Structures are given as C-alpha cells and as structure tokens.
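The values are calculated or read from the model by the stated rules, or taken from the named source; none is laboratory data. Bear in mind the structure is a predicted one, so any value in this text is a computation, not a measurement. Cβ sites come from the backbone with ideal geometry, for glycine too, and all protein chains shown count toward neighbours.
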C-alpha cells in the first residue's frame with residue numbers, strides 16, 4: 001500500500017486528470033470562475049478548433065435564450081460553492097437539426113484555502129433520449145389535439161372505475177353539471193345517473209373480462225336534459241397483457257335518436273293514413289258493387305244481368321288488392337302467389353275446382369298489383385265459365401318463375417279447348433280486350449301456347 005502511495009506522489013496531477021478526462025465519453029470542461037471562459041475541454045467536436053474554444057466565453061456555445069439560466073447556475077456555484085445540475089440545449093454543427101442536449105453536473109474546484117479555483121462541468125450527451133422524449137411529447141400533443149377536437153366523449157378508467165384520462169368534452173360536461181374541474185382519480189360513476197350504475201358495472205365487468213362492449217344508453221344530466229349516447233368499451237392491456245383499465249368512447253346520438261323517433265311517428269301516421277285510405281277504397285268499391293247488384297235484381301235481360309255480375313266480380317277483384325294491402329304490415333306490395341290464391345278463392349264457387357300453384361315468390365308493387373290482379377281475374381273467370389263448366393275435379397295450374405329482369409307465368413286450366421274459330425289476339429270480345437289491355441299496362445306479353453287444354457305464357461318485365 002505504501003509503495004502505491006509513493007507511486008502516486010510521482011504522477012503529474014494535470015497529466016493524470018487529462019488522461020482520465022480523455023478516456024471518458026462525457027464532455028469534461030474547466031471554466032474560469034471569474035469571467036466564465038473555457039480553460040480546458042477533453043473533447044472538441046468536429047467543426048471547431050482548439051484556438052476557437054480555449055479562452056472563449058462558454059456562453060458562445062449555447063443558444064442566446066439559454067445563456068441567462070446558464071449564467072445564473074454558474075454564479076450560484078461560485079457564490080454558494082455548491083454543485084448544481086442543469087439541462088442545456090446547445091449548438092451542434094454536425095447534426096442536421098443544429099441542436100444537441102446535455103445534462104450538466106456543475107461543481108466548484110476548491111484549493112487548500114477553500115477558495116474556488118475553477119469550475120468543472122461534466123456534460124452527458126442526452127440528445128438521442130431528448131429527441132425521443134420530444135417525439136413522444138409531440139405525438140402526445142397531437143393525440144390530445146385529436147381527442148380534444150372531437151365532439152365525442154373520450155375517457156379511460158382504472159380497475160376501480162377512477163378516471164385516468166379524459167378529453168375536454170367530458171371535462172366541460174362535468175364542469176357544467178357538477179362544477180368540478182380536476183377529475184383525475186375521481187370515480188366516473190360520480191358523474192353518472194345513479195340509476196345507471198348497476199347497468200354500467202355489468203358492462204365494466206364484461207370489458208374487464210376482455211370483451212369489447214357496445215351499448216346505447218340514455219342519461220339524465222344534472223340540468224335534467226336527457227342524452228342518448230352510443231358507447232364502446234375497450235380493455236387496456238399492459239406489457240404483461242394484463243388488463244389495467246378501460247378506454248371509453250361515447251358519441252352523442254341524442255339528435256339522431258330524436259329524429260328517428262319523429263320519423264317513426266311520421267311513418268306510423270303514414271301507415272295509419274294509408275290503411276284508412278285502402279279501407280275506404282275497399283268500402284267504396286263494395287258500395288258500387290252493391291248498387292250494381294240492386295240494379296241487377298231489377299233486370300229481366302239475362303245478358304245484362306250477366307254483364308253486371310261480371311262487372312261486380314271485377315270490382316271485387318280490384319277491392320281485393322286494397323283489402324290485402326290493408327291486412328298487410330306494409331302498404332305498397334303484395335305477395336304474388338298469395339294474391340293469386342285470394343283471387344281464385346273469390347272467383348271459384350265450385351269446391352271441386354282446385355288450384356295448383358308453384359314456383360318463385362315475388363312482391364308486387366301497388367302499380368303492378370292492380371293490372372296484374374285484373375289480368376289474372378279475366379283468365380280465371382274464362383277458365384271457370386268455359387273450361388271448367390260442368391266438369392268435376394278440374395284443376396288450374398300456375399307456375400311462376402322470377403329472374404332479375406322479369407316474371408314468367410305459365411298458366412294452364414287443364415280442361416277444355418280454346419276454340420279454333422276464335423283469334424286470341426282479337427280484341428272484339430270484352431274478355432280478350434281486357435286481357436290485352438291489362439298486359440299492355442304491365443308492358444308485358446301473353447301468348448296462347450296450346451289450344452287443348454288452353455295454356456298461356458305470360459312475361460312481365462321488372463326493369
């Protein structure tokens with residue numbers, strides 16, 4: 001030990017210090033306590049020369065706005081003879097950004113008389129971590145700007161339901177209702193209608209269990225206003241994949257909800273009105289049919305009686321459209337096959353005549369249902385009056401095929417013969433005239449494809 005001490009006595013203190021300083025990655029400098037000029041520095045950054053730095057004012061190497069606090073710290077070290085710490089932003093001629101950051105430990109060097117001889121400054125380069133910190137801060141500020149520039153409520157809570165983060169929308173809402181500004185650490189349930197607490201606790205339980213929960217809720221504010229909120233709850237995980245809290249996103253849908261209610265009420269009123277219209281039309285048609293029946297009772301001419309009877313049947317088929325629309329939940333369409341069945345049931349007075357209907361279903365709009373119903377009425381009435389007259393176990397077959405652009409109907413009464421002496425396209429007879437009139441109204445076509453038994457191919461465009 002004594003030999004080691006003897007060796008130390010022969011070491012040049014200045015050379016020993018410079019050797020240690022140059023071996024350090026930190027920047028070590030000595031500053032004159034009287035005029036704050038640089039006496040020594042262990043590392044000179046590229047772009048500088050030794051002549052530029054030694055004897056130069058240390059404030060030349062910091063930004064002007066940082067010179068005052070730097071000087072203040074140096075003066076404190078000189079006057080108090082105590083160490084200080086300072087984070088310093090300086091110029092960097094190598095870096096493209098022209099900035100570097102150092103964490104400085106500043107201490108006085110005292111002589112044997114306890115007088116200050118120099119100031120030692122050990123500067124650790126924290127540029128990389130500082131830039132990362134600035135980047136994180138910028139991202140945080142951007143995130144805050146995003147969440148505070150939305151009209152939605154954004155909050156987060158911990159496992160005890162205490163607020164950890166919240167945006168300005170939530171803050172202003174709580175402040176206006178409860179007069180409270182600093183909300184961090186307070187229970188979110190303090191600002192929610194107590195009647196909703198059990199419901200929300202159940203949602204929190206699901207979310208803390210790992211579920212993403214979506215819900216629509218109504219809340220009464222402190223001022224008595226009812227708000228409707230569409231809210232989603234998301235679990236927040238830490239690095240160990242443990243759930244430490246929940247993020248809550250709430251969108252105010254009050255205006256949309258109230259508008260939806262108004263719209264529903266309007267639609268309900270419209271449905272009631274349409275139902276009443278269809279009901280009255282049906283009743284008016286029934287009244288017309290009754291008047292024709294009274295007229296029929298006072299006639300002796302069989303041809304006139306039959307004409308009035310056929311007219312009443314056509315009126316009844318028209319009234320059937322409005323009756324079915326009145327019975328349906330919707331008032332603008334009818335199911336094709338159900339409509340055909342109802343028409344057949346209204347016309348058929350013989351229980352031995354059967355209807356065999358198969359194929360695709362389709363919803364007929366009101367503008368199509370009326371001419372389609374009257375077309376089918378004429379075909380069925382012809383079958384019942386002519387093909388099925390005096391025959392037992394007769395059958396009417398109808399097949400429907402629906403594609404994207406048309407409805408195809410194959411109609412066959414499976415009995416009787418279409419007379420060769422009658423031209424199907426001749427419209428001189430009332431029945432055929434009406435058939436062709438209604439098919440024209442539908443912009444469709446009808447062809448007699450067989451005479452025995454009579455069969456028809458009907459095509460109605462949908463586009």
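Worth a mention:
- For residue 174: the one exception among (1) farther than 22 Å from residue 237 by Cα; (2) loosely packed, with under 15 Cβ neighbours inside 10 Å: (2)
- Residue among 391, 385, 397, 425 that is free of Cβ contacts under 8 Å to residues at least 60 places away in the same chain, in the same structural domain as residue 364 (by TED's automatic domain parsing), surrounded by fewer than 18 Cβ atoms within 10 Å (Cβ to Cβ) and part of a strand (DSSP E or B): 397
- Only one of 94, 154, 106 that is under 19 Å from residue 61 (Cβ atoms) and modelled with pLDDT of 85 or more: 106
For every residue, the table says whether it meets (1) within 58 Å of the chain's Cα centre (by Cα); (2) over 24 Å from residue 110 (Cβ atoms); (3) surrounded by 13 or more Cβ atoms within 10 Å (Cβ to Cβ).
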site: 37; (1), (2), (3): no, no, yes
site: 43; (1), (2), (3): no, yes, yes
site: 71; (1), (2), (3): yes, no, yes
site: 84; (1), (2), (3): yes, no, yes
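- Pairs meeting the criteria (first residue in the range 291-314 and over 17 Å from residue 429 (Cβ atoms), second residue not in a helix (DSSP H, G or I), beta carbons under 7 Å, at least 6 apart or on different chains) are 305/299.
- Residue match in the range 136-157 (condition: surrounded by fewer than 12 Cβ atoms within 10 Å (Cβ to Cβ) and outside any helix (DSSP H, G or I)): yes
The rows are residues; the columns are (1) at pLDDT 75 or above; (2) surrounded by 14 or more Cβ atoms within 10 Å (Cβ to Cβ); (3) under 26 Å from residue 152 (Cα atoms).
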| position | (1), (2), (3) |
| --- | --- |
| 233 | yes, yes, yes |
| 246 | yes, yes, yes |
| 255 | yes, no, yes |
| 258 | yes, no, yes |
| 262 | yes, no, yes |
| 268 | no, no, no |
| 273 | no, no, no |
| 281 | no, yes, no |
| 296 | no, yes, no |
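- Any hit, the range 49-63, residues being surrounded by fewer than 10 Cβ atoms within 10 Å (Cβ to Cβ) and either touching a strand residue (DSSP E or B) at 6+ places or on another chain (Cβ under 9 Å) or modelled with pLDDT of 90 or more (or both): yes
- Residues of the range 224-261 that turn out to be closer than 15 Å to residue 188 by Cβ and part of a helix (DSSP H, G or I), as a count: 0
- Unique residue being in the same structural domain as residue 173 (by TED's automatic domain parsing), farther than 19 Å from residue 163 by Cα and free of Cβ contacts under 8 Å to residues at least 12 places away in the same chain when the list is 225, 205: 225
- Residue match in the range 210-218 (condition: under 26 Å from residue 142 (Cα atoms) and either modelled with pLDDT under 95 or within 21 Å of the chain's Cα centre (by Cα) (or both)): yes
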